[in-house]
1. Among the numbered criteria (1) among the hydroxyl-bearing types (Ser, Thr, Tyr); (2) modelled with pLDDT of 90 or more; (3) within 23 Å of GLN122 (Cα to Cα), which single criterion is violated by SER250?
2. Among the polar types (S, T, N, Q) and modelled with pLDDT of 95 or more: is that true of SER53 in this structure?
3. Residue by residue through segment 136-160, note down the ones that are over 10 Å from THR173 (Cα atoms), in contact with a helix residue (DSSP H, G or I) (Cβ under 8 Å, 6 or more places away or on another chain) and part of a loop (DSSP other than H, G, I, E, B).
4. Filter segment 52-103 down to the residues that are polar (S, T, N, Q) and surrounded by fewer than 19 Cβ atoms within 10 Å (Cβ to Cβ) and list them by number.
5. May I ask you to list the residues in segment 161-187 that are within 16 Å of GLN122 (Cβ to Cβ), assigned to a strand (DSSP E or B) and among the polar types (S, T, N, Q)?
6. Given the structure, is VAL63 within 24 Å of the chain's Cα centre (by Cα), aliphatic (A, V, I, L, M) and within 30 Å of ILE195 (Cβ to Cβ)?
7. Scan segment 222-243 for residues that are surrounded by fewer than 16 Cβ atoms within 10 Å (Cβ to Cβ) and under 22 Å from PRO256 (Cβ atoms) and report the count.
8. For segment 96-116, which residues satisfy the criterion of being basic (Lys, Arg) and assigned to a helix (DSSP H, G or I)?
Amino acid sequence: MIVKENVSLKELTTFGIEAKARKFIQTCNNDELFSFLKNNQSPLYILGGGSNSIFTSDFDGVVLQPLEKNIEIVNETPNSVWIKSSAGVDWDDFVKFTVERELGGLENLSLIPGNVGACPVQNIGAYGVEVKDTIIKVDGFYIENQSPFSFSNEECQFGYRDSIFKRSLKGKTVITHVTFELSKTPTLKTHYGNIEEELKNYSKTNIQTVRNAVISIRERKLPSPKVFGNCGSFFKNPTINQNLFETIQSSYANIPSYPAANQMVKIPAAWLIETCGFKGIKRGNVGVHSQQALVLINLGNAKGEEVIDLANEIIEAVRIKFSIELEKEVNIL
């Protein structure tokens, strides 16, 4: 177990905002994690890859980062393979591991930042795929009494960018492992976004070229945190009822949309933000990316308050113009 005090979180979070943790602890296995939880009395925040967290001030407590990085095949059938990954494994490294073994299901989720332990919390998704479609179970500990849990897919209560870990269990658990079921004979999903167009650059279509295509698209559209600090998609794509959609469509015939559950309509948040005139704008040390309006960026030495002010300005503008309330994806501390 690694224990440090007064640690800067700037390099540990992808937005790159200066803030300090009173104590920073990294655990390398479940025994260390259990021991820490049993003896800790301080406020606690679990940090994975730091791609979905913005600290607006110093954290007067413990920031815990589980580091165990094991991947193992735990079951195999004629059509599928179950793979169990530790929470501390880098997400894209895990996707690469599965694609190299020609196991399908995660290739569309390539290059999403963060660690495996965060993927069920957020129910990460991209290019027509959500991680809930491959998760078999999620294991971890309850923070308060250190008792273990093992949740089935159904028990995780997955929704759009949502799960039980973001609602009733928010701040109450530490995820240690996630088990996935991946296909030996995958059905490729290439109709979403520009994947089909990108695949024209390859002589064949398979899970490796789909992964390559997704990576190419993301690298063109999204800024690297090494260039501009960011958290990827800052807002969820909202779902609205049919009446509101038709009202907006009467003024904006080109509004993009996708069918959602219960006869609702999903609208790209990026389109709403861009239509409100925010794409590429700057506010002091923060701004909206010029290629992807869904991404807020650190232009240099940004403070957490600046990010929140810009996010709230965008939310208010979209609400006034479209009667739609955008919801932040990012954890604000």
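1. So the condition that SER250 fails would be (3).
2. In short, no.
3. Scanning segment 136-160 gives ASN153, GLN157, PHE158.
4. Residues satisfying the conditions are THR56, SER57, ASN70, ASN75, THR77, ASN79.
5. Matches in segment 161-187: THR173 only.
6. So VAL63 fails the test.
7. Start the filter on segment 222-243 by keeping residues that are surrounded by fewer than 16 Cβ atoms within 10 Å (Cβ to Cβ), which leaves 224, 226-227, 241-243.
Restricting the remaining residues to those that are under 22 Å from PRO256 (Cβ atoms) gives 241-243.
Matching residues across segment 222-243 total 3.
8. If the condition is that a residue be basic (Lys, Arg) and assigned to a helix (DSSP H, G or I), then LYS96 is the only one that fits.
The values are calculated or read from the model by the stated rules, or taken from the named source; none is laboratory data. Because the structure is predicted, anything quoted here is derived from the model rather than measured. In this analysis, Cβ positions are derived from the backbone assuming ideal geometry, glycine residues included, and neighbour counts consider all displayed protein chains.
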